[in-house]
Ligand SMILES: Cc1cc2nc3c(=O)[nH]c(=O)nc-3n(C[C@H](O)[C@H](O)[C@H](O)COP(=O)(O)O)c2cc1C
């Protein structure tokens with residue numbers, strides 16, 4: 001099942017304009033919601049751009065990649081600008097509520113998480129750290145989309161500052177890291193459709209650690 005889906009998927013270059021049903025998109029997005037993250041902080045939002053008008057306005061920032069207007073849902077994985085004590089406190093409050101425990105019982109954990117995010121001393125360091133969490137969610141979205149037989153093209157080929165401006169992300173305290181375009185492949189126009197998947201030999205990607213006896 002999973003391996004069939006992953007062999008079926010590829011990063012479609014052309015899409016056929018058919019809209020992915022909302023119920024399917026929501027199921028795919030559930031995986032981003034449930035994705036694991038460092039300390040469980042989930043320091044990102046997935047901004048869904050689903051109107052043709054707004055996608056058209058995003059296209060120049062996406063270096064005019066055709067999928068932006070030929071697909072139906074543009075998912076922008078955007079990191080939080082603010083990652084600090086306030087967000088850590090919010091997470092502790094939520095955890096205490098959800099698990100029915102005293103807030104004070106989470107003090108040790110709060111200190112650990114606050115210490116870790118406190119060491120991210122620049123806005124760029126926070127963005128990079130948060131982007132790593134967002135990429136993990138993106139991986140789950142790509143897998144879920146394949147299981148749903150929806151094409152999903154991951155994209156780094158865009159101008160983040162320009163995209164952020166079109167979507168007014170700074171006003172929401174967000175900064176784009178990576179995007180995924182959802183839609184359906186156009187097998188007539190996509191030069192990549194039907195081409196064999198290219199991957200390194202498995203043993204180059206999946207390696208075993210070797211236990212070397214050391215002489216004392
Ligand atoms: C982080 C990332 C960024 C990518 N950026 C783009 C992009 O901007 N445009 C595009 O058409 N494909 C993009 N790709 C697709 C890759 O080229 C593709 O995943 C890779 O060649 C492997 O092929 P496959 O996914 O089709 O199996 C990106 C993939 C990843 C993971």
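Conditions: (1) surrounded by fewer than 20 Cβ atoms within 10 Å (Cβ to Cβ); (2) away from the ligand (no atom under 16 Å from the Cβ). Residue 64 meets all but one. Number of the miss?
(2)
Checking residue 76 against (1) within 16 Å of the ligand (Cβ to nearest atom); (2) assigned to a helix (DSSP H, G or I), which test does it fail?
The number of the failed condition is (2).
Restricting to the range 170-209, give me the number of residues that are touching a residue at least 60 places away in the same chain (Cβ under 8 Å), within 14 Å of the ligand (Cβ to nearest atom), out of contact with any strand residue (DSSP E or B) (no Cβ under 8 Å at 6 or more places or on another chain) and within 24 Å of residue 132 (Cα to Cα).
Residues meeting the conditions: 0.
Do the conditions hold for residue 67, that is, is it without any contact (Cβ under 8 Å) to a residue 12 or more places away in the chain and over 14 Å from the mean Cα position of the chain (by Cα)?
Answer is no for this residue.
How about the range 107-200: which helices (runs of 4 or more DSSP H) wholly inside it have at least 1 residues that are on the phi > 0 side of the Ramachandran plot?
none
A short reminder: the numbers here are calculations on the coordinates, not readings from a lab. As the structure is a computational prediction, the values presented were derived from the model and not from experiment. When we count neighbours, we look across all protein chains shown, and the Cβ atoms used for this are built from the backbone with ideal geometry, even at glycine.
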